[in-house]
Amino acid sequence: WGDSAWRGNCSGHVYRTLFEQLRPQVFVDPMVGSGTSVEVAREMNIEAYGLDLHSGHNILTMDIAQCVGKEADLVVSHPPYGSMILYSGNVWGQAHPDDLSRCKDDEDFHEKLHIALLNQRRATKSGGYYGTIIGDWRRNGRYTSYQAECIARMPADELAAVLIKAQHNTVSDSRSYSNMKYPRIMHEYILLWSKPRQVMSFLSDLACMAKQQSNRLASTWKAVVRD
C-alpha cells in the first residue's frame with residue numbers, strides 16, 4: 001500500500017488493525033501522504049477520502065468536512081514530526097508556510113497541530129473517533145514529547161486510547177552517536193479520541209475546551225507557587 005519510498009510512510013497494517021477494531025463506514029485521512037491509509041480502507045470496502053497539503057488541502061485554513069462533503073466515523077492523520085523530515089520543497093513541490101514540517105519552533109508546531117486536531121474533531125460524527133499517529137524527537141540532547149502536548153491540549157474526557165507501535169526504517173538507525181546517554185527512540189504513538197454522542201453548540205463546545213485549559217493552567221500555577 002502507498003509508496004514505501006515516501007519518507008515517514010506508515011505501514012498499512014497499522015491502518016488495517018485500526019479499521020478492523022473501529023469498523024468505520026466513512027474514513028478520512030487529512031494528511032494522506034502517499035495514500036497508504038486510503039488504499040487499505042478502500043481494499044476493505046470502506047468509503048475513504050485522502051487530503052493533503054501537496055494536493056491543495058490546507059488543514060489549518062480549510063474545513064475537512066466541507067471539503068469531503070460529509071462527516072466521517074474515523075478521521076486519522078499522520079503529520080510530520082516537527083522538522084524531522086522536511087516535506088514541502090523537499091519530498092514534494094515548493095516550500096509552503098503552512099507545512100507542519102516547516103514550523104519555526106516546537107511551540108509553533110504544537111499550536112498548528114492543535115488546530116489540525118480540532119479540525120479533525122469537527123469533521124468527525126458524534127460517537128465517532130478522531131486521532132493521530134505521532135512520534136517524539138530528541139535533538140541536541142533535548143527530548144520533545146509531541147504526543148504529550150497533543151493529549152494535554154485536547155479534551156481530556158474524550159481521550160479513548162494511547163497505542164504504542166514500533167518505529168521502523170528511521171535514518172537514525174543507520175547512524176552511530178558518540179556519548180549517547182539514552183536509548184534510541186524506537187516507538188510511535190497512535191492517539192485516539194472519541195467524539196461525544198451528544199455534542200454542545202459550537203460556541204459552548206469551544207467555551208468548555210477553553211475552560212478545561214484555563215483550569216489546567218491554574219492548577220499548574222498552584223503547583224509552582226506551592227513548590
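I need the calculated FRET efficiency for the pair Ile85 and Lys211, taking r as the beta carbon distance and R₀ as 41 Å, to the nearest 0.05.
On the way: r = 36 Å, r/R0 = 0.88.
Once rounded, the FRET efficiency stands at 0.70.
Which order, highest average first, do 5-17, 206-218, 134-146 follow once you tally other Cβ atoms within 10 Å for each residue and take the mean per peptide? Don't skip to the answer; put the middle values down first.
Working: 5-17: 17.2, 206-218: 12.0, 134-146: 14.3.
Averaged packing, sorted descending, gives the order 5-17, 134-146, 206-218.
Cα centroids of segment 107-132 and segment 1-47: how far apart, whole angstrom?
For segment 107-132 versus segment 1-47, the Cα centre distance is 18 Å.
Tell me the relative contact order for the chain as a rounded percent, counting alpha carbon contacts under 8 Å between residues six or more apart.
Relative contact order for the chain comes out at 16 percent.
Work out, step by step, the length gained on full extension between Gln66 and His114: first 0.36 nm times the residue separation, then minus their alpha carbon distance; give nm to one decimal. Please list the in-between numbers first.
Working: separation 48, 0.36 × 48 = 17.28 nm, distance 1.91 nm.
Here the answer is 15.4 nm.
Calculate, for Thr144 and Ala95, the FRET efficiency according to 1/(1 + (r/R0)^6) with r their C-beta to C-beta distance and R0 25 Å; round to the nearest 0.05. Kindly include the intermediate steps, with their values, before the conclusion.
Numbers: r = 22 Å, r/R0 = 0.89.
Plugging the Cβ-Cβ distance into 1/(1 + (r/R0)^6) gives 0.65.
Comparing Leu100, Leu51, Leu22, which has the greatest mean-square fluctuation in the GNM of the chain with Cα pairs linked when under 10 Å apart?
Answer for the Gaussian network model of the chain: Leu22.
Which of the pairs Lys112/Lys222; Lys104/Lys165; Lys70/Lys211; Lys165/Lys222; Lys70/Lys165 have their Cα atoms more than 32 Å apart in this structure?
Numbers: Lys112/Lys222 28 Å; Lys104/Lys165 28 Å; Lys70/Lys211 29 Å; Lys165/Lys222 35 Å; Lys70/Lys165 30 Å.
With Cα atoms farther than 32 Å apart: Lys165/Lys222.
Would you mind classifying segment 1-93 by shape? Square roots of the alpha carbon gyration tensor eigenvalues, ordered a ≥ b ≥ c; an a/c under 1.5 is rounded, otherwise it is prolate if a/b is larger than b/c and oblate if not. Present the calculation step by step, with values, prior to reporting the outcome.
Numbers: a/c = 2.09, a/b = 1.26, b/c = 1.66.
Oblate, since a/c reaches 1.5 and b/c is not below a/b.
So which residue, out of His96, His78, His114, gets the largest mean-square fluctuation from a GNM of the chain using Cα contacts under 10 Å as springs?
His96
Per the 1.4 Å probe, what fraction of the accessible area of the chain, in percent, lies on carbon and sulfur atoms?
Working: 6320 of 12620 Å².
That share works out to 50 percent.
Taking 7 Å along the Cα-to-C-beta vector as the label spot, tell me the Val162-Phe202 distance in nanometres, rounded to one decimal.
3.2 nm
Based on the mean of other beta carbon atoms within 10 Å per residue, what is the order of 31-40, 188-197, 147-156, most packed first?
Details: 31-40: 23.2, 188-197: 19.3, 147-156: 17.4.
Taking the mean over residues of other Cβ atoms within 10 Å, the ranking is 31-40, 188-197, 147-156.
Looking at the chain as a GNM with Cα springs under 10 Å, which of Phe27, Phe202, Phe109 has the largest mean-square fluctuation?
Largest GNM mean-square fluctuation: Phe202.
Output the peptides 121-127, 54-60 sorted from most to least packed, where packing is the average of other Cβ atoms within 10 Å over each peptide's residues. Don't skip to the end; give the middle numbers.
Details: 121-127: 18.9, 54-60: 15.7.
The packing order, highest mean first, is 121-127, 54-60.
The values are calculated or read from the model by the stated rules, or taken from the named source; none is laboratory data. This is a predicted model, so every value here is computed, not measured. For neighbour counting, all protein chains shown are included, and Cβ atoms are generated from backbone atoms with ideal geometry for every residue, glycine included. SASA here: full protein model, heavy atoms, side chains in, ligands and nucleic acids out. Shrake-Rupley method; radii C 1.70, N 1.55, O 1.52, S 1.80 Å.
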